[in-house]
Structures are given as structure tokens and as C-alpha cells.
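No lab work stands behind these numbers, since they all come straight from the coordinates. Since the structure is predicted, the reported quantities are computational estimates derived from the model, not experimental observations. Ideal geometry is used to build each Cβ from the backbone, glycine not excepted, and the neighbour counts take in all protein chains shown.
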């Protein structure tokens, strides 16, 4: 087991799983966060000497938490942010007590989702319906590449109009994955807002029991369908949320952009029942309803 003592200085790192190394086993201790560092304060056990350990969570794929251990909410948040998996296990890994959420316990939605995705014509039909939600009508085009191009042009105009509406200088959508904080305030705000909306979509997809990897517009991502759903709300929710908060932050540099956006997103999600609306939209797209309860 590889453990590092002291502050890691990697709080903003995003390391792909292909570059990570295996598992870390922990037991009989508390997993918490201190000054941005994931820490495990352990009692003596067969697996680990007693001590206070700093964990290189960005460089591992999964942490296995054994008997006699606790985990704080902050630790769960940090692990989720960096895509590091956490599983509660029995001693030596003989039992597994946690698993990814699998929806409401029925497979009807998942089966409906899989049938639509596996049929090329049906998959295109669902994608076209998604674009119809955004444009208010079904477009005649049957090539997803063309549809993506039309959507890209629409979003470019949406950004321009929103910037004008909120009185913000706009130089275009700019985002460098290697330097996300290097963008201007409006672009950073869009990044944060998109993350929050995607989280709401992930909750909706999970709650319904749909299959997150099987997207109809997005293809390669493990949460492709979640991204599909989030994109349905990009013009009506993500962009106004981002630009409204960007305006406040530009006017008051004392405000922290991510924190202000997070609080405003939470307020809007509750007020507008965003997740409930997303759940209804997922069921509508997949052609299922609350009566679809066959196992």
C-alpha cells in the first residue's frame, strides 16, 4: 500500500483511471479531510500500523474501507470530485457491502433503455426527439453529425444573447481542460454550472433506473446518457445560471465564484423542481411510466 505523509498539493488534479494504480486497503480508522488532504487516522491492525496517513487519492482507482472504519461527508465529496471509487468491504475483501446505485429495484426502465439504444433507427429517433425538445420542433435531418452542428450554432448564439442580456463582455466559449481556472469568469461560471446540472441529471437517471453509459447523442463517456439529459437544459438553465452569477462576481470580487454558483444552483433546483422535471423527461424519452413495474 502506497501512502504519503503531509500535504499532497494535488487538490485540483484530474488523473484518468488508465494512469492510476490499483487499490488502497484501509481498516480500523477514520477517513476524513483536513486542509484539502484525504487523511486516515488508523489504529493498529494486521494491515496497517497505527498512525495518521495522507492518502494519494488522485492516483488510485479505488479505496477499500474495511471493518472498524468510518468516513466523513467531506471525504465522500472529495473522492466523488476526483472520480476515486470507495467501497466498504469485509476483512480481507471477503464481503462487499456497497455497490453503485441501481435504481428503484426494477429492470423495466433499463430494459426499455437498452432496447432503444440497441436499435439503430430507434436510437436516432430518440436523439432527434432530444433535439426537438431544444428547438421546439423535430428537425428533418437524420444525421447526428448535422444535428450536433446545428445545436452548436444555436448554443453559440445563446451565449451571445445571454452575455448581452446580463451586460457581460463575451469573447466566446473558451475552455482548456489542462487549465480550467485560466478561463475568464463567464467561462468558468459555465463550467461550474454545467457540472451542477450534470449532477442533477445523474441523480435523475439513477433514480429512474436508466443506464447512464448508453447515450443517444453522447457516445463514449461512462455517463453518456446523463450528459444527454443535462444538455437538454443547457440553454434554459445552465447558461442563465452561469451568466447571472458571473455578473454578480464581476461586480463584487469578494464573492467566490464556485461557492456562489453552487448556492444559487441549489436554490434554483429546489424552486424549479429541476430533478423532478428531469425524471419526467427521462421517462418520456424512454417511453416508460410509473406503472412499468415488471422485474
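Tabulated data for the structure shown
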item: Computed helical MRE - 222 nm, the chain, DSSP H runs ≥ 4 contributing -39500 (n - 2.57), nearest 500; result: -14500 deg cm²/dmol
item: Peptides 61-69, 158-166, 43-51 ordered by average Cβ neighbours within 10 Å, highest first; result: 61-69, 158-166, 43-51
item: Among [x] 37, 27, 16; [y] 26, 25, 18; [z] 38, 21, 18, the entry derived from the coordinates for semi-axes √(5λ) of the Cα gyration tensor in Å; result: [x]
item: Residue order, fewest to most surrounding Cβ atoms within 10 angstrom, among 77, 39; result: 77, 39
item: The chain: angle of helix 239-251 to the longest principal axis, Cα-based, in degrees nearest 10; result: 70
item: Antiparallel DSSP beta bridges within the chain, as percent of all bridges there, nearest 5; result: 55
item: Order of 73, 82, 113 - criterion: other Cβ atoms within 10 Å of each residue's Cβ, fewest first; result: 73, 82, 113
item: Tilt relative to the chain, helix 257-272 - C-alpha long axis, 0 to 90 degrees, to 10; result: 60
item: Relative contact order, percent, the chain [alpha-carbon distance under 8 Å, six or more residues apart]; result: 15
item: For peptides 229-240, 250-261, sequence by mean Cβ density within 10 Å, most packed first; result: 229-240, 250-261
item: Shape parameters for the range 17-93, alpha-carbon atoms, Rg then Dmax in Å; result: 11.5, 32
item: Nearest-ten-degree value, helix 185-208 long axis tilted from longest Cα axis of the chain; result: 80
